[in-house]
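> Input: one structure, supplied below.
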Amino acid sequence: MNTPTLAPHESMELHEALNFKTLCLAKSKLMQGLVFDQELKALMQKDVLQSTQQIAELQAIYARAPFQAPVPNSPTPITH
Amino acid sequence: MNTDYQDPINSLNMPEMADMTFAMDFLLRAKEGVRNLSISLTETASPDVKALLRNHLKQGIALHQEITDLMIRKKWFHPYELNEQYQLDQLSAKNMVMIGQMNLFPDDTSRKGMFDRTPDEHIGGHNA
């Protein structure tokens, strides 16, 4: 399989795209609990599903960043 | 200006106004996503990265269109009736400034006592 390492600037774009998507997913998910309009809620749910898929695709390519490292399985984040 | 959040007058039209605010945030996120992806596309070289970003850009544009259509239909967004939009803009700003001046939350919001351990305990960071 041909999977060359990404250039640093491409990796940075993916870093930003992934973090933006992650925050958008969080917001669309959380706001569904606050929204009154059911059509708006449905559209946010669509965004949740679409974002989840997009995050998976971004993660797959981001894994080829030159600074990639093994990610622990534990759900506890590294905050130090 | 009314700064009493318990005054029932403040709940008048609240669901509509809240939904309009959430929808506007949603719209701006979609728009920012489209712009970010467009910029990223001109910064990348690998064909598969470009293909992925272009694909996400298309989905983002479609979602932005859906949010716009919904907001226009619900009369939360008036791209053609600009004086309607002007009134909404000014009222939203005024209303949010008023909410911004309310004392809505208790002084201590750390809520640390609700957790059985500190978040950084596993790395020995009690005082982190």
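The values are calculated or read from the model by the stated rules, or taken from the named source; none is laboratory data. These numbers were taken from a predicted model, which means no experiment stands behind them. Here the Cβ is made from the backbone with ideal geometry for all residues, glycine too, and neighbour counts use every protein chain on show. Please note that ligands, DNA and RNA were not included when accessible areas were found on the heavy atoms of the full protein model with its side chains. Shrake-Rupley method; radii C 1.70, N 1.55, O 1.52, S 1.80 Å.
> Does A:Val35 count as free of Cβ contacts under 8 Å to residues at least 12 places away in the same chain, closer than 25 Å to B:Met20 by Cα and open to solvent by less than 30 Å² (accessible area, probe 1.4 Å)? Steps first, please.
Working: free of Cβ contacts under 8 Å to residues at least 12 places away in the same chain: yes; closer than 25 Å to B:Met20 by Cα: yes; open to solvent by less than 30 Å² (accessible area, probe 1.4 Å): yes.
Considered against the rule, which asks whether it is free of Cβ contacts under 8 Å to residues at least 12 places away in the same chain, closer than 25 Å to B:Met20 by Cα and open to solvent by less than 30 Å² (accessible area, probe 1.4 Å), A:Val35 comes out as yes.
> Next question, about the same structure. Considering (1) more than 15 Å from the chain's Cα centre (by Cα); (2) under 30 Å from A:Leu14 (Cα atoms); (3) within 11 Å of another protein chain (Cβ to nearest Cβ), say which one B:Arg73 fails and leave the rest.
The failed condition is (2).
> Also, I was wondering about something else. Out of curiosity, is A:Pro66 under 20 Å from B:Ala45 (Cα atoms), outside any helix (DSSP H, G or I), open to solvent by 40 Å² or more (accessible area, probe 1.4 Å) and more than 10 Å from every other protein chain (Cβ to nearest Cβ)? Give the steps one after another, and end with the answer.
Values: under 20 Å from B:Ala45 (Cα atoms): yes; outside any helix (DSSP H, G or I): yes; open to solvent by 40 Å² or more (accessible area, probe 1.4 Å): yes; more than 10 Å from every other protein chain (Cβ to nearest Cβ): yes.
So A:Pro66 passes the test.
> Here is a list of conditions, (1) touching a residue at least 24 places away in the same chain (Cβ under 8 Å); (2) β-branched (Val, Ile, Thr); (3) more than 30 Å from B:Met71 (Cβ to Cβ), and A:Val71 meets all of them except one; can you say which number that is?
All conditions are met except number (1).
> Can you tell me which residue is modelled with the highest pLDDT among those in segment B:5-23 that are of a type in the set (S, T, N, Q) and open to solvent by less than 90 Å² (accessible area, probe 1.4 Å)? Spell out how you get there, then give the answer.
Step one: filter segment B:5-23 for residues of a type in the set (S, T, N, Q), giving B:6, B:10-11, B:13, B:21.
Of the ones still in play, those that are also open to solvent by less than 90 Å² (accessible area, probe 1.4 Å) are B:10-11, B:21.
Values: B:Asn10: 75, B:Ser11: 80, B:Thr21: 96.
Result: B:Thr21.
> Test B:Tyr5 against the stated conditions and say whether it is part of a loop (DSSP other than H, G, I, E, B), hydroxyl-bearing (Ser, Thr, Tyr) and more than 25 Å from A:Leu43 (Cβ to Cβ). Reasoning before the result, please.
Working: part of a loop (DSSP other than H, G, I, E, B): yes; hydroxyl-bearing (Ser, Thr, Tyr): yes; more than 25 Å from A:Leu43 (Cβ to Cβ): yes.
Spelling it out, B:Tyr5 is indeed part of a loop (DSSP other than H, G, I, E, B), hydroxyl-bearing (Ser, Thr, Tyr) and more than 25 Å from A:Leu43 (Cβ to Cβ).
> Step by step: first the residues of segment B:47-57, then only those that are at the interface with another protein chain (Cβ under 9 Å from one of its Cβ atoms) and hydrophobic (A, V, I, L, M, F, W, C), then the one that is most open to solvent (accessible area, probe 1.4 Å). Which residue is that?
Let us first name the residues in segment B:47-57 that are at the interface with another protein chain (Cβ under 9 Å from one of its Cβ atoms), namely B:48-49, B:52-53, B:55-56.
Now restrict to residues that are hydrophobic (A, V, I, L, M, F, W, C): B:49, B:52-53.
On the way: B:Val49: 0, B:Leu52: 20, B:Leu53: 2 Å².
It comes out as B:Leu52.
> If only one of B:Gln101, B:Gln65, B:Gln87 is open to solvent by 70 Å² or more (accessible area, probe 1.4 Å) and touching a residue at least 24 places away in the same chain (Cβ under 8 Å), which one is it? So that I can check it myself, show each step before the final result.
Values: B:Gln65 fails: touching a residue at least 24 places away in the same chain (Cβ under 8 Å); B:Gln87 fails: touching a residue at least 24 places away in the same chain (Cβ under 8 Å).
Just one listed residue meets the conditions, B:Gln101.
> Identify all residues within segment B:24-46 that are more than 21 Å from the chain's Cα centre (by Cα), more than 7 Å from chain A (Cβ to nearest Cβ) and open to solvent by less than 40 Å² (accessible area, probe 1.4 Å); write none if there are none.
B:Leu41
> Any chance segment A:7-20 includes a residue that's farther than 24 Å from B:Gln59 by Cβ, in a loop (DSSP other than H, G, I, E, B) and open to solvent by 70 Å² or more (accessible area, probe 1.4 Å)?
Initial filter on segment A:7-20 (farther than 24 Å from B:Gln59 by Cβ): A:7-8.
From the residues that got through so far, the ones that are in a loop (DSSP other than H, G, I, E, B) too are A:7.
Applying the additional criterion that residues be open to solvent by 70 Å² or more (accessible area, probe 1.4 Å) yields none.
Checked segment A:7-20: no residue is farther than 24 Å from B:Gln59 by Cβ, in a loop (DSSP other than H, G, I, E, B) and open to solvent by 70 Å² or more (accessible area, probe 1.4 Å).
> So, A:Thr52, is that one more than 30 Å from B:Met14 (Cβ to Cβ) and either part of a loop (DSSP other than H, G, I, E, B) or in contact (Cβ under 8 Å) with a residue 40 or more places away in the chain (or both) or not? Step through it out loud before you land on a result.
Numbers: more than 30 Å from B:Met14 (Cβ to Cβ): yes; either part of a loop (DSSP other than H, G, I, E, B) or in contact (Cβ under 8 Å) with a residue 40 or more places away in the chain (or both): no.
It is false that A:Thr52 is more than 30 Å from B:Met14 (Cβ to Cβ) and either part of a loop (DSSP other than H, G, I, E, B) or in contact (Cβ under 8 Å) with a residue 40 or more places away in the chain (or both).
> Also, quick follow-up: Checking B:Gly60 against (1) modelled with pLDDT of 95 or more; (2) surrounded by 13 or more Cβ atoms within 10 Å (Cβ to Cβ); (3) under 18 Å from A:Asp37 (Cβ atoms), which single condition isn't satisfied?
(3)
> I'd like the full set of residues that are within 9 Å of chain B (Cβ to nearest Cβ), over 16 Å from B:Leu27 (Cβ atoms) and more than 12 Å from the chain's Cα centre (by Cα), limited to segment A:35-55.
Scanning segment A:35-55 gives a single hit, A:Phe36.
> State all residues of segment B:56-78 that are touching a helix residue (DSSP H, G or I) at 6+ places or on another chain (Cβ under 8 Å) and assigned to a helix (DSSP H, G or I); if no residue qualifies, say none.
B:His56, B:Leu57, B:Gln59, B:Gly60, B:Ile61, B:Leu63, B:His64, B:Glu66, B:Ile67, B:Thr68, B:Leu70, B:Met71
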